Amino acid sequence: MNNAMKQAEQIREISGVNPYKCMKCGKCSASCPSFNEMDIKPHQFVSYVLNNDIEALMQSESLWKCLSCFACVERCPRDVKPGKLIDAARQLVVRQRDETYLSPDEIPELLDPDLPQQLLVSAFRRYRR
Amino acid sequence: MQRIGVFVCHCGSNIAATVDVKKVVEMARLEPGVVHAEDYQYMCSEVGQAKIATAIHEKHLTGIVVCSCSPRMHETTFRKAAEKAGLNPYMVEIANIREHCSWIHKNIEEATKKAVILARAAIAKVNLNTPLKAGESRVTKRALVIGGGIAGIQTALDIAEAGYEVDIVEKTPSIGGRMSQLDKTFPTLDCSACILTPKMVEASAHDKITIYTYSEVEKVSGFVGDFTVDIRKKARSVDMTKCTGCGVCQEKCPSRKAPSEFNRGLSTRSAIYTPFAQAIPNVPVIDREHCIKFKTGKCGLCEKVCQAGAIDYTQKDEIITEKYGAIVVATGFDTIKLDQYDEYAYSQSKDVITSLELERIMNAAGPTKGHLERLSDGKPPKNMVFIQCVGSRCSDNRGKSYCSKICCMYTAKHAMLIRDKYPDVNVTVFYIDVRTPGKNFDEFYRRAVEDYGVNYIKGQVGKVAPQPDGSLLVQGVDLLDNKQILMKADMVVLATAIEPDPSVRSIATMLTASIDTNNFLTEAHAKLRPVESPTAGVFLSGVCQGPKDIPETVAQAGAAAVKAIGLLAKDKLMTNPCTAKADELLCNGCSQCENVCPYGAISYETKLINDHGVREERRIAVVNNALCQGCGACTVTCPSGAMDLQGFSNRQILAEVDAICR
């Protein structure tokens, strides 16, 4: 298994999402309040994962534009929930930094006025474990 | 000792590609009782069957094992072939080496090993088989059709035309069903009522058809050819023999606040009502929940104005018991509830409607007399948005996993009709896929796009938000342009998923007909027996079996009728001889088998028994062979091992298990 496949596998594992269930209806992108800010749109996340193109996802601005509002998670008719994929990609980025992920002490200096608070809450929800 | 012949089928390459059939033949020869074994390319063919007949004559066979496909496919074929050659048909056993073996395995060695084991088990069983004789039961020459929509009407007409009596049971006050609520029908755009009403009239005028409206099936007993059904005729409070259908009672009725079921609650109706003008029978019913007379004891206006003296407040529900040979289920569908889909604001705005509601709005007899207008303020809409697949194709637990099939076409129809009648209205359709397989269907959809300028956008709508100015803000996506879309609409129409009418659950239970996880009735075979239920004598017509449009429903209704006629045309039916039988010496009279029998086939008798010289009266289980379906529930329940299934005795099954484990 090459690195790209390994990363895609990781995304699936972290998110618990089966991207094959997607029927490409686009309801996620239709629901997304940050759609216009994103370079990779929510519905495209699914095909990036399917194509093992995780590097591009991890470089994507979209990770930090997602508000974690979970509208796409709530409304996805196929239980694919792109928000969870985005969340997982975000976690991969953080994991790559070092093994201790994110320490709460680092947060203040990472804060930037444009960063939505909800993202922080969502991040803590995930990384607290 | 039996003289057994084993016949191994190649099924072309279906079996032979994965199973070494020669090896199976070779190994079968070594089994006890086997005096003949051979293989052939297609055992079910005429040549294959002739091989079986020849072997029966030449080798004086007393039993046969055919290693081939599932017994559901060709057991009957081989039993008939054996019977023709003079063998009792129940001396034939099938070893399923296709579905249970070659189709599910890839490794030839392993598959061959399994095929040999399956053959060995079947041979072990035949060694213990005894000839069985099928009994006979009578056929009542009358059919019951449950549901009076287009499916039920068509089935009833076809059965009646063949000369048999048919009863239609319809729970609402009129026959007609969903089709009577539709305005126009695709792809020809003919008026739904114009093509349905003549059929309704024909059914009601037919001397072989009896229609019970405002009635429900209450109890079903019996079995194929001889069902006994209780039908509850709900109290109409109007004497059908006296009513002339003048309609004065409905005009004068002071209670006018009941939601009209026919108009999907978009308008109100009187408490005494017929659902629509062309209702059949044209006899109103009193909705006792909304009738002032029934609620307060005062009023009685309808009785006063009725010239015919037909109003009868004292009428009670009546139970009719009738016998039937065949039952056709045609219970139809409803749209799903939308309370799980808050994002579309259906419950928040009157201007977000379902397609069936739009159908009523477009209809001249509907709540707006056929004028396209917003239900909130009566204004004509300028921008309309249609959203497809609302609740269809969902694998979350809010909607239905299946495609509702009819929505793509009726949405194209609605869009086209609106653009035709109101050319200044902009129509946008958000779709995931446009599915139009059907004669002239795709052409129809293309006409909406090319000739009528309907704007089709590939993508879903995420949210519909009612605005303070009364408009609706639609947030969707155009996946082909990769753009999010925000547009204002005056009306939003939801192509709501359809589901089987909720009544089908209790009806399926009464009929012991199986339903799937979506409450659609299951066919006996998805491809080859699509209009029959696995329960003998029960047939399926219309959407109760799966989503379908009107032409498909009518075609299936005819097919169900033919199957019912095929049954009614017989004077007698052969019954399955594989029924339960109690060993009188072992039975201890505990009644457990009687309690578990789903067919009511077991009763108890007090009988004089001679138990090895001890003569005494004992309470003993007796099986009615005509009712027993051979399910085997009693045999596993019986604590003393007295119950056994003929053709599937405990000894036979254990012999099979032994053969497999050997």
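On the basis of being hydroxyl-bearing (Ser, Thr, Tyr), more than 24 Å from B:ALA559 (Cβ to Cβ) and either in contact (Cβ under 8 Å) with a residue 60 or more places away in the chain or not in a strand (DSSP E or B) (or both), does B:THR172 make the cut? Answer is yes for this residue. Among residues of the range B:302-320 that are on the phi > 0 side of the Ramachandran plot, those with a Cβ under 9 angstrom from a residue that is of a type in the set (Lys, Arg) and exposed (fewer than 15 other Cβ atoms within 10 Å of the Cβ), sequence gap 6+ or separate chain, pair up as B:GLY309/B:LYS242. Tell me, please, whether a residue that is assigned to a loop (DSSP other than H, G, I, E, B), within 14 Å of chain A (Cβ to nearest Cβ) and surrounded by fewer than 16 Cβ atoms within 10 Å (Cβ to Cβ) can be found in the range B:482-497. So far as the range B:482-497 goes, yes, one or more of its residues are assigned to a loop (DSSP other than H, G, I, E, B), within 14 Å of chain A (Cβ to nearest Cβ) and surrounded by fewer than 16 Cβ atoms within 10 Å (Cβ to Cβ).
Put simply, of B:THR575, B:THR553, B:THR535 the only residue that is at pLDDT below 90 and in the same structural domain as B:ALA513 (by TED's automatic domain parsing) is B:THR535.
A count restricted to the range B:638-662 and to residues that are over 24 Å from B:GLY135 (Cβ atoms), in the same structural domain as B:GLU594 (by TED's automatic domain parsing) and either at pLDDT below 90 or surrounded by 14 or more Cβ atoms within 10 Å (Cβ to Cβ) (or both) stands at 1.
Among the residues making up the range B:349-399, those that are at the interface with chain A (Cβ under 10 Å from one of its Cβ atoms) and not hydrophobic (A, V, I, L, M, F, W, C) are B:GLN388, B:GLY391, B:SER392, B:ARG393, B:SER395, B:ASP396, B:ASN397, B:ARG398, B:GLY399.
Every residue in the range B:319-377 that is in a strand (DSSP E or B), touching an Asp or Glu at 6+ places or on another chain (Cβ under 8 Å) and surrounded by 20 or more Cβ atoms within 10 Å (Cβ to Cβ), please.
Within the range B:319-377, B:TYR324, B:PHE333, B:THR335 qualify.
Inclusion of B:TYR422 among residues that are in the same structural domain as B:LEU358 (by TED's automatic domain parsing), in contact with a Ser or Thr (Cβ under 8 Å, 6 or more places away or on another chain), surrounded by fewer than 18 Cβ atoms within 10 Å (Cβ to Cβ) and touching a residue at least 24 places away in the same chain (Cβ under 8 Å) is not warranted. Filtering the range B:43-57 to residues that are surrounded by 15 or more Cβ atoms within 10 Å (Cβ to Cβ) and farther than 16 Å from B:VAL25 by Cβ leaves B:CYS44, B:GLN49, B:ALA53, B:ILE56. The helices (runs of 4 or more DSSP H) located wholly in the range B:544-662 that include 1 or more residues which are in contact with a strand residue (DSSP E or B) (Cβ under 8 Å, 6 or more places away or on another chain) and closer than 30 Å to B:ASN127 by Cα occupy B:592-596, B:633-637, B:650-661. Identification of helices (runs of 4 or more DSSP H) wholly contained in the range A:1-83 with 3 or more residues that are within 14 Å of another protein chain (Cβ to nearest Cβ) yields A:27-31, A:42-50, A:71-75. Considering the range B:425-452, the residues that are within 14 Å of chain A (Cβ to nearest Cβ) and assigned to a loop (DSSP other than H, G, I, E, B) include one that is surrounded by the most Cβ atoms within 10 Å (Cβ to Cβ), namely B:ILE432.
The values are calculated or read from the model by the stated rules, or taken from the named source; none is laboratory data. Just so you know, these numbers come straight off a predicted model, no measurement behind them. All Cβ positions, even for glycine, are placed from backbone atoms using ideal geometry, and neighbour counts span all protein chains on display.
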